[in-house]
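**Q** For reference, the structure I am asking about is given below.
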Amino acid sequence: MTNRKIIIGTRASKLALWQAEWVKSELQRLYPGIGVELNKIKTTGDKILDVPLAKVGGKGLFVKEIEEAMLRSEADIAVHSMKDVPTEFPEGLHLAVICKREDPRDAFITRRKAEGERNKFKDLKQGAVIGTSSLRRSCQLLHIRPDLKIEQLRGNLDTRIRKLDEGQFDAIILAAAGVKRLGWSDRITEILSIETSLPAIGQGAIGIECRTGGDINDLIAPLNDPETSVCVRAERAFLKKLEGGCQVPIAAYARLEGKVLVMEGLVGNLTGDIIIKEKIEGAPSDAEPLGLALAERMLARGAKKILNEVYGKCAPKINGDIAS
């Protein structure tokens, strides 16, 4: 392997680089002497920081330019946060590996106080200002506390925490996995339960995308975690069934309990006053059919109406048919 070189396409944020460096170290552990380089690529999502993601395209904003680099052979693999990865891939590319998942839950973070004690979510004052760019998070938090004021929060993790400490927010919500990976666990006030905030599809997992042909697929295969892969693929099947042209409050979390795959899903409206939640169980070998079945159950309960109202003029397609 001493003559082999692999180029990793990655965003340049601290978290993206942590993930890419981790994959690099794992490859070098597996194949001593292999050359691994990082190609840092600025994506559309990195360039547009003053507009909510839902208004500029949602999913795909953080991967498109990296995928184009792979198609031009300027990168051999791409390392992504799974929650940013669309369910469809350009021709010639595919999701080859899903690495072992970190904590999939959301982290509730408040400003440091002199006395050291920080209020938990249930202790937030009336009308508290919460920073998040996620419609999924705001929907679920408003469902519990309609008095909260949700403000848009974009930027890298360190930027978001800095804005919190400057007093722009009473609290912010971030993915626990990213906070932990960057060594900032001490800033977490509380890990929100999945009953309070059901995670985003694939949250906490790292995915590796690459071209469909070539031996690169065999080289990176050992990095795949079978349990995480089963769970995330079930979640992504659920998302694919529901997804349309605009970002919407959709959540799902699958886990293995013994030999049973347990999965919960959620669809809500923007104000959080309407939430539909469902749960399904089955064999891990039926992961993707279970995800589809869960989506079907929710559509039957009215999720389609909610999605259509959120999409508005986007006229999304659900399972190939224009939503009506």
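**Q** I'd like the full set of residues that are modelled with pLDDT of 90 or more and either more than 14 Å from Val85 (Cα to Cα) or in contact with a Phe, Trp or Tyr (Cβ under 9 Å, 6 or more places away or on another chain) (or both), limited to region 239-250.
**A** Lys241, Leu242, Pro249, Ile250
**Q** Among residues belonging to region 144-160 that are in a helix (DSSP H, G or I) and closer than 15 Å to Asp106 by Cβ, point out the one that is farthest from the chain's Cα centre (by Cα).
**A** Ile144
**Q** Go through region 84-108 and report how many residues are touching a helix residue (DSSP H, G or I) at 6+ places or on another chain (Cβ under 7 Å), more than 14 Å from Ile206 (Cα to Cα) and not hydroxyl-bearing (Ser, Thr, Tyr).
**A** 7
**Q** Would you point out the residue of region 83-109, among those that are outside any loop (DSSP other than H, G, I, E, B) and modelled with pLDDT under 95, that is nearest to Ser185 (Cα to Cα)?
**A** So the residue we want is Lys83.
**Q** Pairs under 8 Å by beta carbon, first residue among the acidic types (Asp, Glu) in region 273-300, partner part of a loop (DSSP other than H, G, I, E, B), six or more apart or different chains?
**A** Qualifying pairs under 8 Å: Asp273/Pro146.
**Q** Select from region 98-151 the residues that are over 21 Å from Val248 (Cβ atoms), of a type in the set (A, V, I, L, M, F, W, C) and in contact (Cβ under 8 Å) with a residue 24 or more places away in the chain and list them in ascending order.
**A** Ile98, Cys99, Ala107, Phe108, Ile109, Phe121, Leu124, Ala128, Val129
**Q** Here are the criteria: (1) in a strand (DSSP E or B); (2) modelled with pLDDT under 95. Tell me which single one Lys277 does not satisfy.
**A** Just one mismatch for Lys277, condition (2).
**Q** Go over the candidates Lys113, Lys55, Lys59 one by one and state the one that is at pLDDT below 90, farther than 28 Å from Cys231 by Cα and within 23 Å of the chain's Cα centre (by Cα).
**A** When all the criteria are applied, what remains is Lys55.
**Q** Could you tell me which numbered condition Lys122 fails, if it satisfies all but one of (1) under 16 Å from the mean Cα position of the chain (by Cα); (2) outside any loop (DSSP other than H, G, I, E, B); (3) of a type outside the set (Asp, Glu)?
**A** Failing condition for Lys122: (1).
The values are calculated or read from the model by the stated rules, or taken from the named source; none is laboratory data. Remember, it's a predicted structure, so these values are computed and weren't measured experimentally. A quick note on method: Cβ atoms are made from the backbone with ideal geometry, for glycine too, and the neighbour counts reach across all protein chains shown.
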